[in-house]
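Peer 1: Pasting a structure below so you can have a look.
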Amino acid sequence: MNAGVTTIKTAAETELAQVFARARESLPGDDAVAAQREAAFGLFAKEGLPHRRVEDWKYTDLRALMREAKPLAPPPDAAAKARAKTAGALLGDVETRRLVFVDGAFVPELSDLAHLEKGLSVGSLAGALADSDPVLTRHLGKLAPANDVAVALNTALMGDGAVIRIAAGATIERPLHLLFVASEKPVASFVRSVVVVERGARAMVIESHEGPANSAYQVNAALELFVGDDAHVDHVKIVGEGADALHVSTLAAAIGAHARFNAFSFIAGGGPVRNQLFLNFDGEGIVAGIRGASLLKDRQHADTTLVANHAAAGCQSREVFKSVLDDEAHGVFQGRIIVRRHAQKTDAKMMTQALLLSERAESDNKPELEIFADDVQCGHGATSGAIDEELKFYLLARGIPAAEAEALLVQAFLGEAIEGIEHAGLREALLEAVADWLKARSA
Amino acid sequence: MALLEIRNLHVEIDGKEILKGLDLTVNAGEVHAIMGPNGSGKSTLAYVLAGKADYEPTSGEVLFNGKNIFDMTPDERAAAGLFLAFQYPLEIPGVATMTFLRTALNAQRKKRGDPELSTPEFIKRVRETAGKLNIDQDMLRRAVNVGFSGGEKKRNEILQMALLEPRLAVLDETDSGLDIDALKIVADGVNRLRSPQRSFVVITHYQRLLSYIVPDIVHVLSAGRIVKTGGKELALELEARGYAEYQEEAVA
């Protein structure tokens, strides 16, 4: 009976339309890209911001959370660039090749572009769009899910990002670090990256997002990742945004046959955070580890939504997501494993666990299996609970004070996920970040 | 002054009285055995000394080294030199045994105002202690008690005790579930630590352990009170005749 009735637009929806109308002429890209932008914006215009009655966004009502749409970020000034020099501290001593973005714009002078390894090519999205780079043209938008409004907004408004290609067989030892830093301006950035790892190549891509507290900036980031046959790729996302920031980010990956693929999401900051992973197992015999750890406090809200689409036979995937929730924090995990009809011998196991440090914290875990093949091994589990008082007493009885005892148990809880990271330095850095978070908590 | 002085201790769990006026005095250097039938309150005594939540002392007092232990948190009691060897040591997945041992040792040292041990000093001390107790180095590399056999868990308790060097160790049925070889290792660990300054309260159901850890004084605990106290020969008597007469006595 409501057919034909247009939903009343929220202020943010109206503002987004204005932002797009003002920017559409000046956004980079040729006519084909402009058409992609228009089509994507059309989806948003039709659907509006996703809200709680859209099942995939049930626990993260973006329409309610996003009160206003910030203007597009202007190019960063010298002061913002100077501040960005100290960013990325969470990674500690991990030796990476940094590609730095301030308010979504690539900053070559802060980035490590010298002595690129053989087989590695790196550029900016803005540059590749301006040049109609054929690598970009072949890949851009190919993995973006057709019906996701957050990704559609990214496609419509993408300004810059990284475009990376790793040639067949190349091994890139130094992890590539896409470092996204927000300045103090309350602005919006839409970053889009495309990473193509060709057959048999080896690479690690770290994507980190950080910014100042007390600035209500908005980040919408999307990364399309192509993992070739027999390639070995690790993707790590670190969300350390300021407490007032709105962060929506998406990893969309297509994984080729016999590839090894690992993804890790570490969320320890941000106002509302929506972390989306759309992973397509397109070739046979893939071995994948998809993990994550979230540490949330105050009134933080972080939602990790994963769709693992097993479309080919004989793949193995392990999903382990852990969250630690203090104060009035709200953690959400939605994980869907789909096994297509031909994906026989799929072996997929998903576990999600929440540890609640406060009676007011909330955890929503929604694991789902959709299985269309008949010869598979799939399972999922979800738990949430408080710290085990028996274990804590054992530690107390050995002279360990309560705060330290809880910290040890939290570290142990998250350890199971973090220890799945193959890179030792990064593993240590994240364990250290957990320790710091716990220290701040008991201080 | 006695090291441990328990006077007329009453303890409830969930509103049910388990200890009903228990008295016990342990002097420095003494080994006391507390024997008794199931349900007599042996483990309750161990837990209330260590400070477990839900074990509610309703009257009486417990002085440890002259201080009221009910004014102290469990970790403060441990740092003051009280050690409980658990009947069922807990498994802590994800916490490495070495991290656990070092955190405990340094937390206690810090509270006592001693400097923390450096990593090499600590490792040296653990290796030496483990060697004396016949503990495999491999056990130290695993998470606390995870995948340990019953005997390994009990040996790990003794290792912790040896490292932490308490003034008073309470062993809660450390002999349960041990075969004779493991029992000897555990008893040997305890005997090595006996000294004029250190005391033990050995809680057990059976006399067997007391052949290896020879007590100075044996108590019979029944229905929440000490009903008989004697020398080491009392343990043999109990082994021969059982607890029946004490249970009747307690009820009467």
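The values are calculated or read from the model by the stated rules, or taken from the named source; none is laboratory data. The structure displayed is predicted, hence computed values, not measured ones. Positions of Cβ are backbone-derived with ideal geometry, glycine not excepted, and every protein chain shown enters the neighbour counts.
Peer 1: Just to be sure I understand, how many residues within segment A:207-217 are more than 21 Å from A:S111 (Cα to Cα) and surrounded by fewer than 24 Cβ atoms within 10 Å (Cβ to Cβ)?
Peer 2: 4
Peer 1: Specify which of the listed residues (A:G425, A:G399, A:G381) is outside any helix (DSSP H, G or I) and away from chain B (no Cβ under 12 Å).
Peer 2: A:G381
Peer 1: Of the residues B:F100, B:F70, B:F122, which single one is within 30 Å of B:S149 (Cα to Cα), part of a helix (DSSP H, G or I) and within 21 Å of the chain's Cα centre (by Cα)?
Peer 2: Answer to the selection: B:F100.
Peer 1: Moving on. Evaluate the following for A:A412: is it touching a Gly at 6+ places or on another chain (Cβ under 7 Å) and either at the interface with chain B (Cβ under 9 Å from one of its Cβ atoms) or without any contact (Cβ under 8 Å) to a residue 60 or more places away in the chain (or both)?
Peer 2: Yes.
Peer 1: Follow-up question, since we're still on this one. Given the criterion within 29 Å of A:S124 (Cα to Cα), outside any helix (DSSP H, G or I) and not assigned by TED's automatic domain parsing to the domain that holds A:A130, identify the matching residue among A:G29, A:G42.
Peer 2: Answer to the check: A:G29.
Peer 1: Now for a different question. Pick from A:T60, A:T86: which is under 25 Å from A:A216 (Cβ atoms) and at pLDDT below 95?
Peer 2: Of A:T60, A:T86, the one residue that is under 25 Å from A:A216 (Cβ atoms) and at pLDDT below 95 is A:T86.
Peer 1: Could you tell me whether segment A:196-206 includes any residue that is outside any strand (DSSP E or B), touching a helix residue (DSSP H, G or I) at 6+ places or on another chain (Cβ under 8 Å) and surrounded by fewer than 23 Cβ atoms within 10 Å (Cβ to Cβ)?
Peer 2: No; the residues of segment A:196-206 include none that is outside any strand (DSSP E or B), touching a helix residue (DSSP H, G or I) at 6+ places or on another chain (Cβ under 8 Å) and surrounded by fewer than 23 Cβ atoms within 10 Å (Cβ to Cβ).
Peer 1: Also, I was wondering about something else. For segment B:46-63, give me each residue that is within 24 Å of A:D388 (Cβ to Cβ), crowded, with 18+ Cβ neighbours inside 10 Å and either of a type in the set (D, E, K, R) or more than 14 Å from every other protein chain (Cβ to nearest Cβ) (or both).
Peer 2: Passing the criteria: only B:K52.
Peer 1: Shifting gears a bit: Does B:L183 qualify as being more than 27 Å from B:S40 (Cβ to Cβ) and either surrounded by fewer than 21 Cβ atoms within 10 Å (Cβ to Cβ) or more than 14 Å from chain A (Cβ to nearest Cβ) (or both)?
Peer 2: Taking the combined requirement at face value, the residue does not satisfy it.
Peer 1: With a cut-off of at least 1 residues that are acidic (D, E), name the strands (runs of 3 or more DSSP E) lying wholly within segment B:184-252.
Peer 2: Here the list is empty.
Each row is one residue, and each column tells you yes or no for (1) within 12 Å of chain A (Cβ to nearest Cβ); (2) in contact (Cβ under 8 Å) with a residue 40 or more places away in the chain; (3) crowded, with 16+ Cβ neighbours inside 10 Å.
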| position | (1), (2), (3) |
| --- | --- |
| B:A80 | yes, yes, yes |
| B:T103 | yes, no, yes |
| B:R112 | yes, no, no |
| B:E128 | no, no, no |
| B:D138 | no, no, no |
| B:V146 | yes, yes, no |
| B:E152 | no, no, yes |
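Peer 1: What's the total number of residues in segment A:433-443 that are within 14 Å of another protein chain (Cβ to nearest Cβ) and within 21 Å of the chain's Cα centre (by Cα)?
Peer 2: 1
Peer 1: Of (1) buried (at least 20 other Cβ atoms within 10 Å of the Cβ); (2) assigned to a strand (DSSP E or B), A:E370 satisfies all except one. Which?
Peer 2: For A:E370, the failing item is (1).
Peer 1: Enumerate the pairs (first residue in segment A:281-298 and closer than 24 Å to A:I238 by Cα; second residue anywhere and of a type in the set (D, E)) with beta-carbon separation below 6 Å, excluding pairs fewer than 6 apart on the same chain, so at least 6 apart or on different chains.
Peer 2: A:I290/A:E319; A:K297/A:D326; A:K297/A:D327; A:D298/A:D327
Peer 1: Now a separate question. Given the options A:A156, A:A69, name the one that is within 30 Å of A:G42 (Cβ to Cβ) and in contact with a Phe, Trp or Tyr (Cβ under 8 Å, 6 or more places away or on another chain).
Peer 2: Just one listed residue meets the conditions, A:A156.
Peer 1: Restricting to segment A:101-116, name every residue that is loosely packed, with under 15 Cβ neighbours inside 10 Å and not hydrophobic (A, V, I, L, M, F, W, C).
Peer 2: A:P108, A:E109, A:H115
Peer 1: Look at A:S358 and say whether it is of a type in the set (S, T, N, Q), outside any helix (DSSP H, G or I), within 19 Å of the chain's Cα centre (by Cα) and away from every other protein chain (no Cβ under 14 Å).
Peer 2: Considered against the rule, which asks whether it is of a type in the set (S, T, N, Q), outside any helix (DSSP H, G or I), within 19 Å of the chain's Cα centre (by Cα) and away from every other protein chain (no Cβ under 14 Å), A:S358 comes out as no.
Peer 1: Which numbered condition trips up A:F393, out of (1) within 30 Å of B:K52 (Cβ to Cβ); (2) not in a helix (DSSP H, G or I)?
Peer 2: (2)
Peer 1: If the requirement is being buried (at least 18 other Cβ atoms within 10 Å of the Cβ), under 24 Å from the mean Cα position of the chain (by Cα) and charged (D, E, K, R), which of these qualifies: A:R83, A:R97?
Peer 2: Only one candidate qualifies: A:R97.
Peer 1: Is one or more of the residues making up segment B:156-172 out of contact with any Asp or Glu (no Cβ under 8 Å at 6 or more places or on another chain) and away from chain A (no Cβ under 14 Å)?
Peer 2: No, segment B:156-172 has no match at all.
Peer 1: Taking segment A:384-396 as the search range and keeping residues that are more than 8 Å from chain B (Cβ to nearest Cβ) and not aliphatic (A, V, I, L, M), which one is nearest to B:E76 (Cα to Cα)?
Peer 2: Among residues in segment A:384-396 that are more than 8 Å from chain B (Cβ to nearest Cβ) and not aliphatic (A, V, I, L, M), the one nearest to B:E76 (Cα to Cα) is A:K392.
Peer 1: Could you tell me which of the residues A:A126, A:A168 is modelled with pLDDT of 95 or more and closer than 13 Å to A:V33 by Cβ?
Peer 2: None of the others qualify; the one that does is A:A126.
Peer 1: Another question, if that's okay. Could you tell me whether any residue of segment A:269-288 is surrounded by fewer than 24 Cβ atoms within 10 Å (Cβ to Cβ), out of contact with any Pro (no Cβ under 7 Å at 6 or more places or on another chain), in a strand (DSSP E or B) and basic (K, R)?
Peer 2: no
Peer 1: What single numbered condition from (1) touching a strand residue (DSSP E or B) at 6+ places or on another chain (Cβ under 6 Å); (2) within 30 Å of A:E416 (Cα to Cα) fails to hold for B:T103?
Peer 2: (1)
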